[in-house]
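The values are calculated or read from the model by the stated rules, or taken from the named source; none is laboratory data. Quick caveat: nothing in here was measured; it's all calculated off a predicted structure. Neighbour counts are summed over all protein chains in view; Cβ atoms, including those assigned to glycine, are modelled from backbone coordinates with ideal geometry.
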Amino acid sequence: MRIDKFICKSTELTRIEASEFLQAQKVCVDGKVFTNGATQVHEDNCITLDGVVLTPRPSRYIMVHKPENTLCSNVDEAYPSLFHHVGVEKAFDLHVAGRLDADTTGLVLVTDDGRWSYNIITPHKQCEKTYRVTLRDVIKDEVALKFQQGILLQGQKKPTLPAKLEVVNDREVLLTITEGKFHQVKRMFRAVGNRVNALHRESIGNIRLDIGLGEWRYLTIDEINSFGK
């Protein structure tokens, strides 16, 4: 975790206030002064602020049902931030473990535990994400095999990792992937001559979306531990 974020998680300070303490050389890691807020620290380090040992608050793990036309960002831009739907204190300390495009709905996991979210987003952990995809054109029989073998997307040097495709009807499928390239699902279907009209994420790993649109809840212990906390 970044040291400035660690300070915020252990105190009531804002990120700007934490940076001020760092610049004033009042923060030590294992007895050594650090001034760079981007310095990575571990929970096993002894971190002090003005001589007081800091202890971070417990991490938070949250499920959100993302509506359309919202951003997986802590700030509002062209569309409002997803975090308007998360009614917790210090929501600015949270981050999304696997972003969705503004027009995509469905399951988003939110946390302030960077190591936990890494297990979700890094491809080599093979965390499966399943999407319900509504298509412009009728799905062709050979697409499932092509996705299983991997698709070379425009601008990429390597094909996508093997993906599973289950046909629901001729214009709706369930697609399961284990990586998260930029606009990946849309680009995969574009590569086989089709177009995504609607996209909805139903599950991440063993966690399935089970709340209403725009709602949120804390994850259970079993759900948290399913990603190797």
Count of the range 67-77 residues which are touching a residue at least 24 places away in the same chain (Cβ under 8 Å) and of a type in the set (A, V, I, L, M, F, W, C): 2
Being at pLDDT below 95, among the charged types (D, E, K, R), under 25 Å from the mean Cα position of the chain (by Cα) and closer than 30 Å to residue 197 by Cα: is that true of residue 93 here? no
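Which of the residues spanning the range 183-229 are of a type in the set (Phe, Trp, Tyr) and more than 18 Å from residue 125 (Cα to Cα)?
Within the range 183-229, 189, 216, 218 meet the criteria.
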Residue match in the range 149-172 (condition: part of a loop (DSSP other than H, G, I, E, B), in contact (Cβ under 8 Å) with a residue 60 or more places away in the chain and touching a helix residue (DSSP H, G or I) at 6+ places or on another chain (Cβ under 7 Å)): no
Can you tell me which condition residue 122 does not meet? The list is (1) farther than 23 Å from residue 198 by Cβ; (2) in contact (Cβ under 8 Å) with a residue 40 or more places away in the chain, and all the others hold. (2)
Could you list, in sequence order, the residues of the range 23-66 that are touching a residue at least 12 places away in the same chain (Cβ under 8 Å), closer than 30 Å to residue 106 by Cβ and surrounded by fewer than 16 Cβ atoms within 10 Å (Cβ to Cβ)? 57
Output yes when any residue across the range 138-149 is within 20 Å of residue 64 (Cα to Cα), of a type in the set (D, E, K, R) and surrounded by 12 or more Cβ atoms within 10 Å (Cβ to Cβ), and no when none is. no
Enumeration of residues in the range 206-227 that are polar (S, T, N, Q) and exposed (fewer than 14 other Cβ atoms within 10 Å of the Cβ): 206, 220, 225
